[in-house]
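K.L.:
Sending over a structure as structure tokens; questions will come in a sec.
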């Protein structure tokens with residue numbers, strides 16, 4: 001009898017194992033059961049879940065070649081090209097963590113009259129480029145290849161309003177840095193021809209390295225977060241007659257302002273494809289202390305948000321948000337929080353620029369904006 005009981009116990013265990021294996025190996029859940037499970041468990045809270053950007057679906061797009069999207073978040077965790085404080089390789093993780101308050105179902109942007117996550121565009125988080133920390137030359141190559149791969153895929157939906165524009169059939173990549181050198185490979189993947197760049201930064205990032213002591217230079221020394229726009233210009237990636245800097249307050253080299261005054265004029269960009277390159281240090285250190293080279297006297301988050309909202313009618317083709325260095329942030333994570341808000345505003349403008357309807361700006365046009373104008377709460381210029 002003991003032997004029989006043992007045999008029956010083994011049979012029972014085998015049967016349970018087979019049943020479990022069958023259940024987990026392609027078993028089909030009935031539709032009514034799936035609907036019940038979704039209703040019961042498919043809620044999102046800001047404080048729960050895996051840290052993708054704004055709770056978007058997360059995919060390792062570089063190992064999923066069939067994955068398609070219209071707008072993709074991509075992390076570029078590099079800080080080996082900085083010239084002062086390191087730490088920006090942790091920026092993508094910090095920005096994702098502080099974006100947790102942004103939930104797709106709760107993301108209606110009142111000023112734009114749109115929920116970017118519930119519009120025409122498929123938006124996903126494509127995870128991070130696995131950038132080596134050991135070799136800047138190899139890191140640069142990895143980013144070139146990754147951005148080219150991710151930016152070359154077919155879109156899911158052509159934006160209704162821009163179906164014939166130059167960028168309509170290219171996905172838009174929003175890069176989370178990493179130091180600002182990631183902008184160089186990111187620009188390469190756009191169209192392989194000159195485009196307009198709007199550069200928000202303390203610094204010019206147009207250093208010509210030949211103006212620095214040349215004894216200890218190498219070919220790789222050109223790849224740093226202060227020279228990448230100079231390199232991009234020499235490689236024919238930037239339209240020098242239409243691109244512009246904004247937020248500058250750095251000290252310059254030498255005894256005059258030639259570093260700035262020799263730059264190209266700041267006009268004529270509104271009809272061009274436009275790439276936004278945003279260094280978080282454009283904000284004042286009181287707002288965003290967690291960055292590599294802080295300088296006092298910058299914009300507040302509110303001021304910069306207002307600037308970004310003024311760009312929504314441009315033909316935006318991509319963006320980077322860089323130089324978030326969480327090791328120098330405060331306990332409230334205000335730098336990463338500001339960067340997450342910047343990403344939200346940029347994505348909103350990317351989506352809105354492709355919407356067929358002429359949606360309102362500010363708190364206007366759709367419900368009550370005109371009444372606010374009549375009452376004096378808003379000026380017509382704010383609509």
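K.L.:
Just need a number here: residues in segment 159-174 that are touching a strand residue (DSSP E or B) at 6+ places or on another chain (Cβ under 9 Å), modelled with pLDDT of 80 or more and farther than 18 Å from residue 342 by Cβ. Talk me through it step by step, then tell me what you get.
P.N.:
The first filter runs over segment 159-174 and keeps only residues touching a strand residue (DSSP E or B) at 6+ places or on another chain (Cβ under 9 Å), leaving 162, 165-167, 170-174.
Subset that is modelled with pLDDT of 80 or more: 170-174.
So of that shortlist, the ones also farther than 18 Å from residue 342 by Cβ come out as 170-171.
Looking only at that region, the number is 2.
For every residue, the table says whether it meets (1) surrounded by 15 or more Cβ atoms within 10 Å (Cβ to Cβ); (2) free of Cβ contacts under 8 Å to residues at least 40 places away in the same chain.
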position	(1), (2)
47	no, no
50	no, yes
54	yes, no
57	no, no
71	yes, no
100	yes, no
106	no, yes
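K.L.:
Among the residues of segment 287-299, are any out of contact with any helix residue (DSSP H, G or I) (no Cβ under 9 Å at 6 or more places or on another chain), loosely packed, with under 15 Cβ neighbours inside 10 Å and modelled with pLDDT of 85 or more? If you could, list the steps in order and put the result at the bottom.
P.N.:
Keep residues of segment 287-299 that are out of contact with any helix residue (DSSP H, G or I) (no Cβ under 9 Å at 6 or more places or on another chain), which gives 296-297.
This time we only want the ones that are loosely packed, with under 15 Cβ neighbours inside 10 Å, so: 296-297.
Of the ones still in play, those that are also modelled with pLDDT of 85 or more are 296-297.
Within segment 287-299, one or more residues are out of contact with any helix residue (DSSP H, G or I) (no Cβ under 9 Å at 6 or more places or on another chain), loosely packed, with under 15 Cβ neighbours inside 10 Å and modelled with pLDDT of 85 or more.
K.L.:
So, one more: Go through segment 175-194 and count every residue that is touching a residue at least 60 places away in the same chain (Cβ under 8 Å) and either out of contact with any strand residue (DSSP E or B) (no Cβ under 9 Å at 6 or more places or on another chain) or buried (at least 24 other Cβ atoms within 10 Å of the Cβ) (or both).
P.N.:
Qualifying residue count, segment 175-194: 11.
K.L.:
Please go through (1) at pLDDT below 75; (2) within 30 Å of residue 313 (Cβ to Cβ) for residue 254 and return the number of the only condition it doesn't satisfy.
P.N.:
(2)
K.L.:
Consider residue 112 carefully, then state whether it is touching a strand residue (DSSP E or B) at 6+ places or on another chain (Cβ under 8 Å) and surrounded by 13 or more Cβ atoms within 10 Å (Cβ to Cβ). Break it down stepwise before answering.
P.N.:
Working: touching a strand residue (DSSP E or B) at 6+ places or on another chain (Cβ under 8 Å): no; surrounded by 13 or more Cβ atoms within 10 Å (Cβ to Cβ): yes.
So residue 112 does not fit the description; no.
K.L.:
Taking residue 146 as the residue in question, decide whether it is touching a strand residue (DSSP E or B) at 6+ places or on another chain (Cβ under 8 Å) and either assigned to a strand (DSSP E or B) or touching a residue at least 24 places away in the same chain (Cβ under 8 Å) (or both). Even if it seems obvious, please write down each step before you answer.
P.N.:
Numbers: touching a strand residue (DSSP E or B) at 6+ places or on another chain (Cβ under 8 Å): yes; either assigned to a strand (DSSP E or B) or touching a residue at least 24 places away in the same chain (Cβ under 8 Å) (or both): yes.
Here the answer is yes, as residue 146 does meet what is asked.
Rundown of residues vs (1) modelled with pLDDT under 85; (2) outside any helix (DSSP H, G or I), yes/no style:
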position	(1), (2)
18	yes, no
22	yes, no
27	yes, yes
40	no, no
44	yes, yes
47	no, yes
54	no, no
65	no, yes
72	no, yes
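K.L.:
Could you please give the count of residues in segment 326-372 that are at pLDDT below 70 and under 21 Å from residue 302 (Cα atoms)? Show your work before the answer.
P.N.:
Taking segment 326-372 as the starting set, the residues that turn out to be at pLDDT below 70 are 360-372.
Subset that is under 21 Å from residue 302 (Cα atoms): 360-364, 369, 372.
Adding up the residues that qualify gives 7.
K.L.:
Of the residues that sit in segment 59-69 and are under 15 Å from residue 128 (Cα atoms) and in contact with a strand residue (DSSP E or B) (Cβ under 6 Å, 6 or more places away or on another chain), which one is surrounded by the fewest Cβ atoms within 10 Å (Cβ to Cβ)?
P.N.:
Looking at residues that are under 15 Å from residue 128 (Cα atoms) and in contact with a strand residue (DSSP E or B) (Cβ under 6 Å, 6 or more places away or on another chain), I get 60.
K.L.:
Among (1) in contact with a helix residue (DSSP H, G or I) (Cβ under 7 Å, 6 or more places away or on another chain); (2) under 27 Å from residue 305 (Cβ atoms); (3) free of Cβ contacts under 8 Å to residues at least 60 places away in the same chain; (4) surrounded by fewer than 19 Cβ atoms within 10 Å (Cβ to Cβ), where does residue 132 come up short?
P.N.:
(2)
The values are calculated or read from the model by the stated rules, or taken from the named source; none is laboratory data. Predicted model, so just to flag it, every value in this text is computed and none were measured. A quick note on method: Cβ atoms are made from the backbone with ideal geometry, for glycine too, and the neighbour counts reach across all protein chains shown.
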